[in-house]
């Protein structure tokens, strides 16, 4: 029997998830949608030929008795309220990042979920499902390069619009590294600093770009992440771990090596949705299977809180210029990995 899902937010990622739910994945059916633009919600129903209701009120979608699980893919500042409402209804909810705008907001969700007594929240940190990151993690766990000492990472986008601000480099872009690197190392952060290289001429006047974020973990690993959102040439994600006896790097996406016109070249992706398309499929199928099976196993509300706590420190470091502490509390037993 299909899991009946309601989707709040039919923008780019919302429509992409609706596409995979209707055309790629199994075990689920979209039966309700909502968007701040009602016409876009109706157009989405038409585009994907959904047998679904377009709710003008997102909270009406959450309380709709036919809706068994909720996908939150709306504007980031709305996430906290919708996730809390789903928890109050006892309905599993898949929430795209960020889980909430601040660590305090994430903690309210953590507390509500623990009060509910069972896992109801999965956060859309898809990189934990990426084959490349999993291969890198298995290499580290296998001990082949010894303990991780340093990580050199990059998150590059071809360009961003005028509405993209300096803090968004943290809360919208770096947030994925803040989650996946913590997961990769099985370690928490204790400090963050942000430094600014020479500004790119492609960055608009209100944006500092690129930025370099420096992190330290509890076990002393040092991490530098280059965030460059106007790199022009493509969507490029890099991660190299320097260990005690070797290095390990995130594999490049598979592409044909072309030799033509006296040149050797490989295609570089430009669309973030394509770079992690398989991971998006796997994470959402895992959510469906978890709801219908023995419970959720994906990134937790606690993971959302940990990333937000680090992001808050990074945003503060953007303006203070200081090394800002990150005081991560102990993980509740409720979130002990299965």
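The values are calculated or read from the model by the stated rules, or taken from the named source; none is laboratory data. Since the model is a prediction, treat every value here as computed from it, not as a measurement. Positions of Cβ are generated from backbone atoms using ideal geometry, with glycine treated the same way; all protein chains shown enter the neighbour counts.
A few points about this structure:
- Just one of the listed residues (225, 241) is touching a helix residue (DSSP H, G or I) at 6+ places or on another chain (Cβ under 6 Å), under 19 Å from residue 184 (Cα atoms) and crowded, with 17+ Cβ neighbours inside 10 Å, namely 225.
- Considering the stretch 286-301, and only residues there that are touching a strand residue (DSSP E or B) at 6+ places or on another chain (Cβ under 9 Å) and part of a helix (DSSP H, G or I), the residue that is surrounded by the most Cβ atoms within 10 Å (Cβ to Cβ) turns out to be 301.
- So residue 190, is it assigned by TED's automatic domain parsing to the domain that holds residue 162 and over 20 Å from residue 154 (Cβ atoms): yes
- Filter pass, residue 252 being outside any strand (DSSP E or B) and in contact with a helix residue (DSSP H, G or I) (Cβ under 9 Å, 6 or more places away or on another chain): yes
- Within the stretch 210-221, the set of residues being under 22 Å from the mean Cα position of the chain (by Cα) and either outside any loop (DSSP other than H, G, I, E, B) or farther than 14 Å from residue 155 by Cβ (or both) comprises 211, 212, 213, 214, 215, 216, 217.
- Flag if residue 255 is touching a strand residue (DSSP E or B) at 6+ places or on another chain (Cβ under 7 Å), in the same structural domain as residue 318 (by TED's automatic domain parsing) and farther than 29 Å from residue 309 by Cβ: yes
- Any hit, the stretch 266-284, residues being in contact with a strand residue (DSSP E or B) (Cβ under 8 Å, 6 or more places away or on another chain), modelled with pLDDT of 90 or more and part of a loop (DSSP other than H, G, I, E, B): no
- Of the residues making up the stretch 313-338, those that are touching a strand residue (DSSP E or B) at 6+ places or on another chain (Cβ under 9 Å) and under 16 Å from residue 106 (Cβ atoms) are 313, 314, 315, 326, 327, 328.
- Checking every residue in the stretch 240-247 against the condition of being closer than 20 Å to residue 127 by Cα, assigned to a loop (DSSP other than H, G, I, E, B), in contact with a strand residue (DSSP E or B) (Cβ under 6 Å, 6 or more places away or on another chain) and in the same structural domain as residue 204 (by TED's automatic domain parsing) gives zero matches.
- When the test is whether a residue is farther than 30 Å from residue 4 by Cβ and under 22 Å from the mean Cα position of the chain (by Cα), residue 279 does not pass it.
- Residue 6, sole failed condition from (1) farther than 20 Å from residue 95 by Cα; (2) not in a helix (DSSP H, G or I): (1)
- Identity of the residue in the stretch 317-338, assigned to a helix (DSSP H, G or I) and free of Cβ contacts under 8 Å to residues at least 24 places away in the same chain, that ends up nearest to residue 206 (Cα to Cα): 319
- Failed item in (1) touching a strand residue (DSSP E or B) at 6+ places or on another chain (Cβ under 7 Å); (2) farther than 30 Å from residue 313 by Cα; (3) in contact (Cβ under 8 Å) with a residue 24 or more places away in the chain, with residue 42 passing the rest: (3)
- Search result, residues across the stretch 45-63 that are in contact (Cβ under 8 Å) with a residue 24 or more places away in the chain and surrounded by 19 or more Cβ atoms within 10 Å (Cβ to Cβ): 50, 55, 58, 61, 62
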